[in-house]
1. Could you tell me whether the stretch 288-295 includes any residue that is among the hydroxyl-bearing types (Ser, Thr, Tyr), loosely packed, with under 13 Cβ neighbours inside 10 Å and modelled with pLDDT of 95 or more?
2. Thr181 versus (1) away from ligand 2 (no atom under 16 Å from the Cβ); (2) in contact (Cβ under 8 Å) with a residue 40 or more places away in the chain: which is the lone unmet condition?
3. Hey, among the residues in the stretch 119-149 that are over 16 Å from the mean Cα position of the chain (by Cα), under 14 Å from Phe198 (Cα atoms) and among the β-branched types (Val, Ile, Thr), which one's surrounded by the fewest Cβ atoms within 10 Å (Cβ to Cβ)?
4. Out of curiosity, is Gly186 buried (at least 19 other Cβ atoms within 10 Å of the Cβ), within 16 Å of ligand 3 (Cβ to nearest atom), modelled with pLDDT of 95 or more and closer than 19 Å to Thr164 by Cβ?
5. Just checking, does the stretch 153-165 include any residue being part of a strand (DSSP E or B), more than 16 Å from ligand 2 (Cβ to nearest atom) and under 24 Å from Cys339 (Cβ atoms)?
6. Quick check on my filter: what residues within the stretch 107-131 are closer than 19 Å to Ser159 by Cα, within 16 Å of ligand 1 (Cβ to nearest atom) and part of a strand (DSSP E or B)?
7. How many of the residues making up the stretch 153-177 are among the small types (Gly, Ala, Ser) and either surrounded by fewer than 21 Cβ atoms within 10 Å (Cβ to Cβ) or modelled with pLDDT under 95 (or both)?
8. Are there any pairs, at least 6 apart or on different chains, whose C-beta atoms fall under 7 Å, with the first in the stretch 143-169 and closer than 15 Å to Leu123 by Cα and the second surrounded by 22 or more Cβ atoms within 10 Å (Cβ to Cβ) and of a type in the set (Asp, Glu), and if so, which?
Amino acid sequence: MVQFTQTLAAVLLATGVVAHPGGNTNREILRRQAHLDHPNRRSVQECKRDLVESGWVREQHLRREARLHELRVAAGFAKEHEIVRRDPAEVEENYGAEAACTLDPEATEGPYWVTGELIRQDLLTGEKGAITHLDINVIDTSGCKPVTDAYVELWGCNSTGVYTGVQAKGNGDGSATAIKTNALRGLQATGSNGTAAFITVIPGHYVGRANHLHTIIHHGAKLLPNNTIQGGTISHVGQFYIEQKFLGEVEKTPPYSTNTQKQTLNAQDALFNMGKQGGDDPVMKISLIGKTIADGLYATIDIGVNPRAKQNPQPVNMWTAEGGKPVPNSPWTGYPDTCKYCGFRPPKEKKGVDVEGETEVLG
Ligand SMILES: *[C@@H]1O[C@H](CO)[C@@H](O)[C@H](O)[C@H]1NC(C)=O
Ligand SMILES: *[C@@H]1O[C@H](CO)[C@@H](O)[C@H](O)[C@H]1NC(C)=O
Ligand SMILES: *[C@@H]1O[C@H](CO)[C@@H](O)[C@H](O)[C@H]1NC(C)=O
């Protein structure tokens with residue numbers, strides 16, 4: 001497996017893949033590879049037996065089924081007593097073998113992480129698109145238990161492929177419009193069932209990347225009076241994707257259909273392909289709440305983390321009451337042209353590349 005991933009990474013790096021508008025993914029590919037090759041890596045699949053035996057898989061399945069039913073009843077698509085249940089034994093058997101029980105693999109933050117976002121469930125702030133109720137489960141893969149005391153951070157671009165809280169060339173029209181809003185960004189505590197629940201939209205697309213959402217898992221952070229968090233550690237930085245056929249249907253609906261940027265399919269996205277390796281599956285499981293996409297969606301995904309792991313993602317901006325403000329000395333400042341991480345090329349022919357050490361050179 002190590003051999004295989006290194007070969008794939010080498011091929012991907014040689015092509016100098018375009019990433020976020022104007023940039024490339026070389027740095028992100030190396031990060032992902034280092035994670036796949038890490039000796040302590042453990043996937044949700046390896047936790048399967050423990051999670052099934054403890055009853056967690058069954059309980060989780062019943063809870064998600066009930067949650068989807070609740071959303072259907074609330075939207076007028078089902079009657080209270082009409083819940084359709086799937087055999088939990090079948091769910092247990094398939095756990096880890098189907099998209100319903102995905103693990104989100106380690107990836108990187110990309111150039112548009114804005115720190116200091118608010119703790120809130122509803123991230124819409126006026127944005128339009130395929131409204132998605134997303135339940136994210138955090139599982140401790142070292143102890144095979146739900147993580148009940150973490151904060152899950154979530155962000156994605158809007159339905160026409162623009163990130164809020166930042167201003168950068170190639171992010172929409174590059175104007176300062178998006179920097180003034182915190183739409184589609186926020187955090188939620190995992191709580192007693194290990195689930196962080198959000199309301200957001202299916203992200204649109206922009207040049208060079210398949211549609212994706214970003215996540216970061218925080219541990220031991222302090223809750224501030226203004227509903228933000230401070231400090232703590234970050235165990236996981238990841239990205240979620242949408243199954244291609246379903247995504248095609250979403251992209252046909254407005255406002256997605258008004259997006260004039262070139263689209264990248266999952267299969268053409270180097271980070272998506274690396275994300276699928278090593279038994280990981282970063283694709284969300286999505287159900288229609290009603291009859292059409294416009295009636296809303298219920299999505300779920302499991303994230304396997306080692307809560308003691310320490311990742312060091314770098315925010316480009318910080319959210320303040322006045323909008324996004326640059327973080328001093330961020331290696332992403334100036335993206336995509338002049339930042340420290342811009343145009344990153346891996347060091348040549350060096351054994352055991354240490355991608356965590358921030359010694360990259362500009363290409
Ligand atoms: C998880 O628990 C919270 C309360 O702590 C609840 O609001 C939420 O609906 C639960 N999620 C699921 C999927 O059952
Ligand atoms: C996405 O964000 C940009 C920048 O804020 C905005 O101009 C555009 O209208 C948004 N897309 C939609 C569909 O609202
Ligand atoms: C929340 O409070 C912290 C600490 O005082 C401050 O740095 C931050 O800007 C505040 N965030 C917002 C959105 O008001």
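1. Filtering the stretch 288-295 down to residues among the hydroxyl-bearing types (Ser, Thr, Tyr) leaves 292.
From what is left, the residues that are loosely packed, with under 13 Cβ neighbours inside 10 Å are 292.
With modelled with pLDDT of 95 or more added as a condition, the list becomes 292.
Yes, the stretch 288-295 has at least one match.
2. Of the numbered conditions (1) away from ligand 2 (no atom under 16 Å from the Cβ); (2) in contact (Cβ under 8 Å) with a residue 40 or more places away in the chain, the odd one out for Thr181 is (1).
3. Thr125
4. So Gly186 passes the test.
5. For the stretch 153-165, residues part of a strand (DSSP E or B), more than 16 Å from ligand 2 (Cβ to nearest atom) and under 24 Å from Cys339 (Cβ atoms): present.
6. If we filter the stretch 107-131 for residues that are closer than 19 Å to Ser159 by Cα, which is where we start, we get 110-114, 121-131.
Within this subset, residues satisfying the condition of being within 16 Å of ligand 1 (Cβ to nearest atom) are 121-122.
Across the stretch 107-131, the qualifying residue is only Asp122.
7. Within the stretch 153-177, residues that are among the small types (Gly, Ala, Ser) and either surrounded by fewer than 21 Cβ atoms within 10 Å (Cβ to Cβ) or modelled with pLDDT under 95 (or both) number 6.
8. Glu153/Glu117
The values are calculated or read from the model by the stated rules, or taken from the named source; none is laboratory data. On a predicted model such as this, the values are computed, not experimentally measured, just so you know. Because the Cβ atoms are built from the backbone with ideal geometry, glycine has one as well, and the counts that use them run over all protein chains shown.
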